[in-house]
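The values are calculated or read from the model by the stated rules, or taken from the named source; none is laboratory data. Please read these numbers as outputs of a predicted model, since none were measured by experiment. Positions of Cβ are backbone-derived with ideal geometry, glycine not excepted, and every protein chain shown enters the neighbour counts.
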Amino acid sequence: PRDSVYFEPVMTFAQDIQPDLKLLRKSFDVMSKDVISILRNPVARQLSAESLDDPSPKGAVARSLSALSTFALVGIREREDEFILDLCNSIELDAATLKRPPRFPRVEELAAVLRDIPEAEFLLEEDLEIF
């Protein structure tokens, strides 16, 4: 329920998004400030802000990197095989018994299109620095 309320402006905005570069660019031109504030640097905000409702604080990248440095495991998407092996070793589980995380082809398609949109890079500026 809380997420439904929090992300409602984003869900309304996303209903009309088409994975076509020209149409998507136009969508960014009319994106409201509410949607921008919710979508701006979600990883940096999760790792550095006091609450998800707060924007990324000053020094968010450094704080995020500091938080990540305490994690035993990272990289479930980028290094899936390594991640699964390390996870299984840390909890003494046979890797063959662990299911691989699902792929989301439509999300991957949209991500490929978003890489060509400067406004998307602006929304994720701090997150991109972290990674």
Next on the checklist: Restricting to region 27-66, give me the number of residues that are exposed (fewer than 12 other Cβ atoms within 10 Å of the Cβ) and either among the charged types (D, E, K, R) or in contact with a strand residue (DSSP E or B) (Cβ under 7 Å, 6 or more places away or on another chain) (or both).
Outcome noted: 6
Item to check | Test: residue in region 18-30 that is touching a residue at least 40 places away in the same chain (Cβ under 8 Å) and among the hydroxyl-bearing types (Ser, Thr, Tyr) | outcome: no
Checklist outcome for this item: Scanning region 68-90 for residues that are out of contact with any helix residue (DSSP H, G or I) (no Cβ under 7 Å at 6 or more places or on another chain) and over 30 Å from residue 49 (Cα atoms), the one modelled with the lowest pLDDT turns out to be 81
Item to check | Scope region 1-10; condition in a helix (DSSP H, G or I), loosely packed, with under 12 Cβ neighbours inside 10 Å and not hydroxyl-bearing (Ser, Thr, Tyr); matching residues | outcome: 2, 3, 5
Next on the checklist: Residues that are over 14 Å from the mean Cα position of the chain (by Cα), within 27 Å of residue 62 (Cα to Cα) and without any contact (Cβ under 8 Å) to a residue 60 or more places away in the chain: does region 114-122 have at least one?
Outcome noted: yes
Checklist entry - Does region 1-40 hold any residues that are within 23 Å of residue 54 (Cβ to Cβ) and among the acidic types (Asp, Glu), and which are they? => result 3, 8, 34
Checklist outcome for this item: Checked region 76-97 for anything within 16 Å of the chain's Cα centre (by Cα) and exposed (fewer than 12 other Cβ atoms within 10 Å of the Cβ); matches are 77, 78
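Determine, yes or no, whether residue 44 is touching a residue at least 12 places away in the same chain (Cβ under 8 Å), among the small types (Gly, Ala, Ser) and on the phi < 0 side of the Ramachandran plot.
Values: touching a residue at least 12 places away in the same chain (Cβ under 8 Å): yes; among the small types (Gly, Ala, Ser): yes; on the phi < 0 side of the Ramachandran plot: yes.
Yes: the conditions hold for residue 44.
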